[in-house]
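For reference, the structure is listed below as structure tokens.
Any read-out appearing in this document is the output of simple, stated calculations on the displayed coordinates, not a laboratory observation. All values derive from a computational prediction rather than experimental measurement. Here the Cβ is made from the backbone with ideal geometry for all residues, glycine too, and neighbour counts use every protein chain on show.
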Amino acid sequence: MSRNTYIYILIMAVVTFAVRALPLTLIQKQIKNRFLQSFLYYVPYVTLAVMTFPAILHATQSPVSGLCALLIGILAAWLGANLFQVALSCCGIVLIVELIIPFFS
Amino acid sequence: MDLYNTRNVNKKCFLQGLRNGIPIGLGYLAVSFSLGIAAKNAGLNAVQSFLTSLLCNASAGEYAGFTLIAAGASYIEVAVMTLIVNARYLLMSCAMSQRMNPDTKLHHRLLMSFHVTDELFAIAIARPGYLNPFYSYGAVLSAAPCWALGTALGTIAGNILPLRLVSAFSVALYGMFLAVIIPPARKNKRIAGMIIVCFAASFAAAYLPIVSEISEGMRTILLTVIIAAAAAVLFPVSQSEDNGNEP
């Protein structure tokens, strides 16, 4: 069955909006359930971590440059670089490493 | 007179938001470029990727969606994945709900919800007192077009640019993910440990027999629910800690 890209986009848009709009419109009180609170607190970190590795190794032309991007990204973020700077340093290291790699193979 | 004052404050907030949204928009322009490449790889054209970014405003959520579209996943899978990956916006929206003036009208609440992102949430919540909807509108007006435009450019230029540059731009998105998860990990050892567990589990799941047969999107959902639930049971978070670490 072939699927329609615009229906995919519509589904993503509706679900994303619902996720953002429901709490803001419905919740008038503080969330009390400790487990739910903790679960929601950890979810963003887990999702992003799981999506980053090992996928970053396959995003580039060589796993080596992907690994370098991961390490530089972690280092830059650890040292307090902002979102833009971290993203840029990841791109930069991939560019450099992939320029160098041919000389070693 | 009172009405006049309110309108003045709203106008000031709007202009402040407009200004504060500019650096965020510039960052978006660069990062969304790599999202556009992911969209292209999933078979979307520039109009479709522009539309997706304009309507969703979600880096990780859109990226996950594109991966699933590329794999020809079912509509249900895309809906569930979008829900899971964007769960952090649920949390941010919850946090924002605690900072709303109780008199805020429904249409303002709905409009404010539309663009709850890591960055815009951060600058909105960092301001003292009740959240002013007009501040958010200003920031969105600066940042959102950049996000959509960058995505479309990535989809178009992903075809034109040399492979080496595409390869470099593709990691911008992961860089952004790292910029969100690493600073809290530095402050909180449990988050740091959890991220290491995530990397290891995700790596194992990608290569182990049987588990690696499951689609990438489904693996992300399962790993997220299992690891986050385990962490919630083992290391419950107190409310004050939660607020302290929010980006």
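Side notes on the structure shown:
- Karplus-derived HN-Hα couplings along region A:93-104 (A = 6.51, B = -1.76, C = 1.60, θ = phi - 60°), whole Hz, x at Gly and Pro: 5, 5, 4, 5, 4, 6, 6, 7, 3, x, 6, 9
- With Cα atoms, 0 to 90° folded angle of helix B:75-85 axis to chain B main axis: 60
- Choice from B:Ile221, B:Ile84, B:Ile210 with maximal GNM fluctuation in chain B (Cα, 10 Å cutoff): B:Ile210
- Summarising the label geometry, the points placed 7 Å from Cα in the beta-carbon direction at B:Val9 and B:Leu141 lie 2.0 nm from one another.
- Taking the longest Cα principal axis of chain B as reference, the axis of helix B:216-234 is set at about 70 degrees.
- For A:Phe104, A:Phe39, B:Phe33, order by how many other beta-carbon atoms lie within 10 Å, fewest first: A:Phe104, A:Phe39, B:Phe33
- Net charge of neighbours whose Cβ lies under 14 Å from the Cβ of A:Phe84, counting Lys and Arg as +1 and Asp and Glu as -1: -2
- Once you reduce region B:50-107 and region A:52-105 to the center of their Cα atoms, the two points are 27 Å from each other.
- Among B:Met194, B:Met100, B:Met112, the order by Cβ neighbours within 10 angstrom, fewest to most, reads B:Met100, B:Met194, B:Met112.
- Between the Cα long axis of helix A:63-78 and the first principal axis of chain A there is an angle of about 60°, rounded to the nearest 10.
- Ordered by the number of other Cβ atoms lying within 10 Å of each residue's own Cβ, fewest first, B:Asp103, B:Asp118 fall into the sequence B:Asp103, B:Asp118.
- Of every Cα-Cα pair in region A:32-103, the percent that sits beyond 20 Å: 41
- The Cβ shell under 12 Å around A:Thr47 holds other residues with a net charge of +2, Lys and Arg each +1, Asp and Glu each -1.
- Dividing the Cα radius of gyration of region B:2-181 by its Kirkwood radius returns 1.02 for Rg/Rh.
- Within chain B, helix-based [θ] at 222 nm, where runs of 4 or more DSSP H residues each add -39,500 (n - 2.57), nearest 500: -26500 deg cm²/dmol
- By the Kirkwood approach, averaging reciprocal distances over each pair of separate Cα atoms, the protein assembly as shown gets a hydrodynamic radius of 20.6 Å.
- Across chain B, the mean sequence separation of Cα contacts (distance under 8 Å, 6 or more residues apart), normalised by length, yields a relative contact order of 33 percent.
- Rg/Rh for region B:61-159 (Cα atoms only, Rh after Kirkwood) is 1.04.
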